Amino acid sequence: MATLSRKTKEIQYILATDVGSTTTKARYFKKTGGEYRYVVSGEAPTTVEAPFEDVTMGVLNAVREVEELTGRSILSKGGAGIILGEKDRGVDIYVTTSSAGGGLQMMCTGLIKSMTAESAERAALGAGAIVMDTIAIDDGRKDYHKIRRIRSLRPDMILIAGGTDGGDRTHILQTVELIKASEPKARLGANYELPVVYAGNKAVRKEVTEIIGKEVSLEIVDNIRPTLAVEYIEPSRQAIHLLFMEHVMSHAPGYDKLMTWTDVPIMPTPAGEGMMVQLIAKTFNTNTIGVGLGGATTNIYSIVEGKFVRTVSANLGMSYSICNVMKEAKIENIARWIPFELDERNLRNRLRNKMIRPTTIPQSTQGLIIEHSVAREALRLGLKHHKTLARGLKGIKIERTVGDLFDQAQQETYIDLLKINIVVGTGGLLSHAPRRVQSLLVLTDGFSVEGVTRLFQASVFMMPHLGVLSTVQEKIAWEIFDKDCLLRLGTVIAPKGTAKPGEDVISVTLEMPDGKTLNEKLRFGEIKRIPLAEGEEAKATITPRRGFNVGAGSGRKLETSIMGGTVGIVIDARGRPLQLPKDDNERMTKLIEWFTALKLYPEEVLKTFHDNL
């Protein structure tokens, strides 16, 4: 692997690639006029599988497209690699991420499902892995079922947690014996030892080594839960990244060659994406939720009070997994977002066709609305899953007041949407939405944002590329991301609470940049869009009625600054939790009203929907 020793002032040309499961995407950046900017992209089919079985072929093809578009020589003679550090050709930095072959797939174990096993899962997910299964003493399965499951999984890596330091010995050793008896085989073949990270009770490290040290490639790190009150997952994450490079990547077709080309270790694609969400939270110094809405998976990232959690819903996606969304969400929940008559059979068949033809795009406004409806449900379910891991540590004795007894949500998750100030989305459906307001409303409805929330999206797929770049050149990565990728959609003001239709809910006074003052009053069930350009700021006085909260408390006034965007300001008085009318005609009428107010789809199409009711 190349050693990165070049200073920022010497860096002019940067190349980043992402080796995806189907497509390898190259992004080329250049310092122009004293600032770093995105220049061009190159894409080619990924070549990790037969008949090529050499991932570098896809990388070379993608980079050749960049060469053709820029006229700059980047590849060494004969396609032997990337030229680095030369003045008149090549690039100064080359980095890459990868999710080819399914990315990093892991199995986790712990003692108690809601305690050490959950901590192990958080560590694996934070390292960019897909968690195939989590084994725990209390997961309800018999030992022979667990052995059968471990044998059938064929993971890339196993993370073993359990027992506080100096605590339980018997059960953690039983878990290790269970893994030994399973004789797990790695997904990429039996020619190398399966990597196993032990992050449990340090008092039994010797016994663990004696039991499985000869059968697997064992890495021992600090305990994930040294005490019940402490979760220490960073050593496990670092070990997973290292073993991912040394074992998993080195045995995947062509990755051993690709590793010699790069300036920094190859990073799993979701980990790179997560790095950029963390950088957003760091830059704006606020609580942030991000989502990568893919074809096969939905990745949710949260940074709340400095705590970073990533979850992957491997069965929720917009193409390959779209029927899983239908199964998990139920067809009626998808249909509730559709403002026109569509029988259940027709809807099911449309989604099945998308699954078997995953690269197709909607050919009509009706098809687009259906996909946006599925996306809302994928986000809702993804966030619901995310909250199960974004919570305080289980097993800790907490002193509670009488008031705490009435706050059950506090026990389930620490994510309070009223305290989430930024939501950012990436993925093909969001990036390719014909109107930016469509992306904004999909994110707003899917996450059911509350209070005052800024909404961003990635305009070009390059968050993983810039995420891995940020590990060595954070300032450069942010400069490119801020200027060429991060699209500011606008700000949503959404009071939390419910009322009867037509009742006054909120009044908003806006001091606009042009000196004008706008006074807006909305009733329950209304939504309004107010233009405010990107880079502009308005001073807002938000007064909700009693029983509604925008972040200052029930019925309390909030004074804040509102940032503009391509959509502007959206005042959403539809209530939280957001509930649609149960009567079909009333529901569709309301949807058409909302879509028309936001200019979500062509006016003539929405009028046709209304006339057909």
Between Gln366 and Glu474, how high is the FRET efficiency from 1/(1 + (r/R0)^6) when r is the Cβ-Cβ distance and R₀ = 56 Å? Nearest 0.05. 0.80
Contour excess over end-to-end distance, with Cα ends at Leu342 and Phe52 and 0.36 nm allotted per residue: 99.9 nm
Counting only DSSP loop positions in segment 484-572, the trypsin sites (Lys or Arg not before Pro) whose Cβ has at most 14 other Cβ atoms within 10 Å are Lys516, Arg546, Arg556, Lys557
Once R0 is set to 22 Å, what does the formula 1/(1 + (r/R0)^6) return for the Cβ-Cβ distance between Glu593 and Ala533, expressed as a FRET efficiency to the nearest 0.05? 0.30
Alpha-carbon Rg with Dmax, taken over segment 137-217, Å: 12.5, 37
Only sites in a loop by DSSP and with at most 15 other Cβ atoms within 10 Å count here; which GluC sites (Glu not before Pro) in segment 405-504 make the cut? Glu503
Note the full-extension length gain between Arg149 and Asp88 as 0.36 nm times their separation in residues minus their Cα-Cα distance, in nm to one decimal. 16.5 nm
Under 14 Å from a point placed 7 Å out from the Cα of Leu69 along the Cα-to-Cβ direction: which residues of segment 465-498 have their backbone N that close? 485
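In the chain, once you exclude exposed chymotrypsin sites (Phe, Trp or Tyr not before Pro) (DSSP loop, at most 16 other Cβ within 10 angstrom), what's the longest stretch remaining?
233-613
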Compute the distance in nm between two label points, each set 7 Å from the Cα along the Cα-to-Cβ direction, one at Glu603 and one at Ala80. 6.5
Taking a crude spin-label model, label points 7 Å out from Cα along the C-beta direction, the Thr541 to Glu511 distance in nm is 0.9
Prolate/oblate/rounded label for segment 251-393 (Cα gyration tensor, a/c 1.5): oblate
What percent does the relative contact order of segment 288-611 come to when contacts are Cα pairs within less than 8 Å and at least six residues apart? 15
How big is the chain on each of its three principal axes, counting only the C-alpha atoms and giving the largest first in Å? 71, 66, 49
If R₀ is 51 angstrom, what is the calculated FRET efficiency for the pair Lys483 and Glu210, using the beta carbon separation as r and rounding to 0.05? 0.35
Modelled label-to-label distance, Arg169 and Lys500, 7 Å Cα→beta-carbon offset: nm? 6.9
For all pairs of alpha-carbon atoms in segment 1-158, what percent lies in each bin of width 5 Å, listed from the first bin to the last filled one? 2, 8, 14, 15, 13, 11, 9, 9, 8, 6, 4, 2, 0
Got a sec? Charge dipole of segment 8-100, +1 on Cβ for Lys and Arg, -1 for Asp and Glu; which of Val48, Ser99, Ala26 is way out at the positive end? Ala26
Quick check: convex hull over the Cα atoms of segment 103-257, volume per residue in Å³, rounded to an integer? 93
Spelling it out for Gly451: with amide H atoms placed in the peptide plane at 1.01 Å from N, the residues 5 or more places away or on another chain with amide H under 5 Å from its amide H are Ala494, Lys496
With no solvent and one point on each alpha carbon, what is the Debye value of log10 I(q)/I(0) for segment 525-584 at q = 0.14, 0.16 Å⁻¹? -0.50, -0.63
Cα shape, segment 436-569, gyration tensor, a/c 1.5 rule: prolate
At q = 0.07, 0.10, 0.12 Å⁻¹, what log₁₀ I(q)/I(0) does segment 288-611 have when each alpha carbon counts as one equal point scatterer in the Debye sum? -0.29, -0.60, -0.88
So between Lys330 and Lys557, what do we pick up on full extension, going 0.36 nm a residue minus the alpha carbon distance? 77.8 nm
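Starting from the Cα gyration tensor of segment 510-613, take the square roots of the eigenvalues, sort them a ≥ b ≥ c, and report rounded, prolate or oblate (rounded when a/c is under 1.5, otherwise prolate if a/b is larger than b/c, else oblate).
It is oblate, given that a/c is not under 1.5 and a/b is not larger than b/c.
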Take every Cα-Cα distance within segment 8-100, group them into 10 Å bins from 0 onward, and report for each bin the whole-number percent of pairs it holds. 18, 51, 26, 5, 0
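Values quoted throughout were computed directly from the atomic coordinates according to the rules given, and no laboratory measurement underlies them. Predicted model, so just to flag it, every value in this text is computed and none were measured. So basically every Cβ, Gly included, is an ideal-geometry build from the backbone, and we count neighbours across all protein chains shown.
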